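Encoded as structure tokens, the structure appears first; notes follow it.
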Amino acid sequence: MARILRAAATVAALSTALAACGDGGGNNVAAGTSVPTATTSTAAPSGTPSAAPSGTIAWGPCTDIKRPGGQPPAQSERAQQCGKLKVPLDYARPDGESIDVAVIRVKASGPGKRIGSLVFNFGGPGASGVDTLAQAAKAFTSLNRRYDLVSFDPRGVGRSSGVRCDGNAMMDKFTSMNTLPTNDAERAEIRQTTKEFTTACGQTSGRLLPYVGTVNAAADMDRLREALGEKKLNYFGISYGTQLGAVYATRFPKNVGRFVLDAPLDPSVSLADRTMVQTKGFQQAYDAFLKDCVKEPGQCEIGTDVTIANKNVEKLMDDLKDEPLKIGDRTLTQGLAGTGIAAALYSEMTWPLLDQALGQAIKGDGRILLAMADSYNGRLPDGSYTTLMSSFPAISCVDTAERPTPEQLAAVEAETMKVSPLFGGSGMGLICSMWPVPGSDEARRVNATGSAPIMVIGGTGDPATPYEWAPKLTSELKTGVLVTYKGEGHGAYLSGDACIAKVTDAYLIDGKVPAKGITCSNS
């Protein structure tokens, strides 16, 4: 297969499996105003979720698995089983309306005694755990010998009553809007498009929106633990999955088994602080990409040195604002180009593809950059969308009570643009300021006192969940043990680093808690 197609498949798999704990440049939108709420229900239940008996899962063949491009796999995997778990829509009314949570299992292959089930959340929020585990199970072969690998589409995602925000035309408009405003007219256009999007979310999925937060997802995960027949939950969370794991450990500390939280979020940070930290993280990753690109003379398509390469990219982004590149019946906008750039910064493996994509876009061919943006946004070849870009704000905004004012958003935009003209903006603040249901801060308060030790892995070159959040989450959990990965990319275990794999597998398989202060260097 051609190099471009191999690289495109790599970025598609990575952006789906590890997608986006932050905007990554694709949704750094400016200040806006609030819209009327669609419901006055609270975002999450208070107190401990109901202990009503959990349901069971009727396992059967997986019949609707999708690859990152939306196509079915070449052949079904006999080891994979799928099913549904019934859970309350509202845990405050456990005997009321219910929804189904889609689940997948890959049975332990041996040799060696089966330990139990290992449940995964691969991030987002909004990534399909069913599709991702079906694609990525081979990356966890060492764990699969001793564990049944299990994942699920969290409530509000994919097959589990996935949130929708109108149709494909609305999603195209929202994901392609320019995100680096330079005047009030451009800011007003961003506000208007965002208001249309959030209003559509309320109109299409308003009944679900109050109940899709992380606190409810953690309660679902405990129901899943019971349905799997496990006394303790063994768990592997990546990116947003670390917040879900931290919330679970806070609410069910006695049910925590062996927990790994890789590429951690700090749930306590404000929307403004999160935007600033992630802006710095993506700028750091972009700077590292530029330095790597020009280190071999004549090999970097976008420039001969860092300064020239950066200027060429900045000019491309400026030109796209005024004149998007035509690609068939579509166009590559500045907003889509920014999303494509951010998507490739998630992994050092995709830096060569980013150089190629930018080099061709500078010459007038934006096809690769557009494909990278589509993969990140969950846009399929037929023009339809997965629920990723709808589930992401739905879960993020219900997980915070913050609803920033236009003045606060303008201040965030101004400060982040000083840090990075490419990735600056007001972040999730604008969307949440207009979100049609109120939020709650319950998912921002974590403290796993009384739980078993929790392994936290932070990467020093992670753009989406920068390293500073790793020691913070470790401290907040009280039972956390920090492992540092000195390397690039979002997520350490899937980086291929042998040291991280050894330490993680020793903990999950043998129960060996990492020693304090362990550092793995990607040499």
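Yes or no: the range 198-215 includes at least one residue that is open to solvent by 10 Å² or more (accessible area, probe 1.4 Å), of a type in the set (A, V, I, L, M) and assigned to a helix (DSSP H, G or I).
Within the range 198-215 (the criterion being open to solvent by 10 Å² or more (accessible area, probe 1.4 Å), of a type in the set (A, V, I, L, M) and assigned to a helix (DSSP H, G or I)), the answer is no, since none of the residues qualifies.
State all residues of the range 407-443 that are assigned to a helix (DSSP H, G or I) and either of a type in the set (Ser, Thr, Tyr) or surrounded by 19 or more Cβ atoms within 10 Å (Cβ to Cβ) (or both); if no residue qualifies, say none. Can you show your working first?
Here is the first cut: in the range 407-443, the residues assigned to a helix (DSSP H, G or I) are 407-419, 429-433, 442-443.
Hits for the range 407-443 are 409, 412, 413, 416, 417, 429, 430, 431, 432, 433, 442, 443.
Does residue 400 meet the test of being under 16 Å from residue 273 (Cβ atoms) and touching a Leu at 6+ places or on another chain (Cβ under 7 Å)? Step through it out loud before you land on a result.
Working: under 16 Å from residue 273 (Cβ atoms): yes; touching a Leu at 6+ places or on another chain (Cβ under 7 Å): yes.
Judged against the criteria, residue 400 is a match.
Can residue 465 be described as part of a loop (DSSP other than H, G, I, E, B), in contact with a Leu (Cβ under 7 Å, 6 or more places away or on another chain) and either among the basic types (Lys, Arg) or crowded, with 19+ Cβ neighbours inside 10 Å (or both)? Show your work before the answer.
Values: part of a loop (DSSP other than H, G, I, E, B): yes; in contact with a Leu (Cβ under 7 Å, 6 or more places away or on another chain): yes; either among the basic types (Lys, Arg) or crowded, with 19+ Cβ neighbours inside 10 Å (or both): yes.
Taking the combined requirement at face value, the residue satisfies it.
Given the criteria out of contact with any strand residue (DSSP E or B) (no Cβ under 9 Å at 6 or more places or on another chain) and over 20 Å from residue 423 (Cβ atoms), does residue 278 qualify? Full working, then the answer.
On the way: out of contact with any strand residue (DSSP E or B) (no Cβ under 9 Å at 6 or more places or on another chain): yes; over 20 Å from residue 423 (Cβ atoms): no.
Taking the combined requirement at face value, the residue does not satisfy it.
Given the options 401, 411, name the one that is closer than 27 Å to residue 436 by Cα and in contact with an Asp or Glu (Cβ under 6 Å, 6 or more places away or on another chain).
Numbers: 411 fails: in contact with an Asp or Glu (Cβ under 6 Å, 6 or more places away or on another chain).
Only one candidate passes the filter, namely 401.
Which one of the conditions (1) more than 23 Å from the chain's Cα centre (by Cα); (2) among the polar types (S, T, N, Q); (3) open to solvent by less than 30 Å² (accessible area, probe 1.4 Å) does residue 519 fail to meet, given that it meets all the rest?
Among (1) more than 23 Å from the chain's Cα centre (by Cα); (2) among the polar types (S, T, N, Q); (3) open to solvent by less than 30 Å² (accessible area, probe 1.4 Å), residue 519 violates only (3).
Which pairs turn up if I take residues in the range 461-487 that are under 18 Å from residue 275 (Cα atoms) and look for partners that are open to solvent by less than 40 Å² (accessible area, probe 1.4 Å) and of a type in the set (Asp, Glu) with beta carbon separation below 9 Å, at least 6 apart in sequence or on another chain?
Listed pairs, sorted by first residue: 465/266; 468/266; 469/266; 469/462; 470/266; 470/462; 472/266; 473/266.
Filter the range 419-472 down to the residues that are within 26 Å of residue 347 (Cβ to Cβ) and among the aromatic types (Phe, Trp, Tyr) and list them by number.
423, 467, 469
Check off (1) of a type outside the set (Val, Ile, Thr); (2) open to solvent by 10 Å² or more (accessible area, probe 1.4 Å); (3) assigned to a loop (DSSP other than H, G, I, E, B) for residue 486 and give me the number that stays unchecked.
Exception for residue 486: condition (3).
Mind checking which pairs have a first residue in the range 72-86 that is among the hydrophobic types (A, V, I, L, M, F, W, C) and crowded, with 19+ Cβ neighbours inside 10 Å and a second that is in a loop (DSSP other than H, G, I, E, B) and at pLDDT 70 or above, Cβ under 6 Å, 6 or more apart or different chains?
Going by the 6 Å Cβ cut-off, the qualifying pairs are 82/62; 85/55; 85/57.
How about the range 489-499: which of its residues are closer than 20 Å to residue 351 by Cβ, in a helix (DSSP H, G or I) and at pLDDT 95 or above?
493 - this is the single residue of the range 489-499 that is closer than 20 Å to residue 351 by Cβ, in a helix (DSSP H, G or I) and at pLDDT 95 or above.
Condition (residue is at pLDDT 95 or above, surrounded by fewer than 23 Cβ atoms within 10 Å (Cβ to Cβ) and in a helix (DSSP H, G or I)) applied to the range 444-455: is it met by at least one residue?
Yes, there is a match, as at least one residue in the range 444-455 is at pLDDT 95 or above, surrounded by fewer than 23 Cβ atoms within 10 Å (Cβ to Cβ) and in a helix (DSSP H, G or I).
Restricting the search to the range 463-511, which residues are touching a strand residue (DSSP E or B) at 6+ places or on another chain (Cβ under 7 Å) and charged (D, E, K, R)?
486, 488, 497
Against the definition (at pLDDT below 95 and more than 23 Å from residue 262 (Cα to Cα)), how does residue 404 come out, yes or no? First the steps, then the outcome.
Numbers: at pLDDT below 95: no; more than 23 Å from residue 262 (Cα to Cα): yes.
Judged against the criteria, residue 404 is not a match.
Can you list the helices (runs of 4 or more DSSP H) found entirely within the range 279-364 that contain at least 3 residues being surrounded by 14 or more Cβ atoms within 10 Å (Cβ to Cβ) and free of Cβ contacts under 8 Å to residues at least 40 places away in the same chain? Quick ask: steps written out before the conclusion?
On the way: elements: 306-322, 334-344, 351-362.
In the range 279-364, 306-322 are the helices (runs of 4 or more DSSP H) which contain 3 or more residues that are surrounded by 14 or more Cβ atoms within 10 Å (Cβ to Cβ) and free of Cβ contacts under 8 Å to residues at least 40 places away in the same chain.
Would you check which residues across the range 389-406 are open to solvent by 10 Å² or more (accessible area, probe 1.4 Å) and not in a loop (DSSP other than H, G, I, E, B) and list them? If you could, list the steps in order and put the result at the bottom.
Narrowing the range 389-406 to residues open to solvent by 10 Å² or more (accessible area, probe 1.4 Å): 389, 392, 396, 399, 401-406.
Hits for the range 389-406 are 389, 392, 396, 406.
The values are calculated or read from the model by the stated rules, or taken from the named source; none is laboratory data. Quick caveat, the model's predicted, so the values are computed rather than measured. Because the Cβ atoms are built from the backbone with ideal geometry, glycine has one as well, and the counts that use them run over all protein chains shown. With ligands, DNA and RNA removed, areas are computed over all heavy atoms of the protein, side chains included. Shrake-Rupley method; radii C 1.70, N 1.55, O 1.52, S 1.80 Å.
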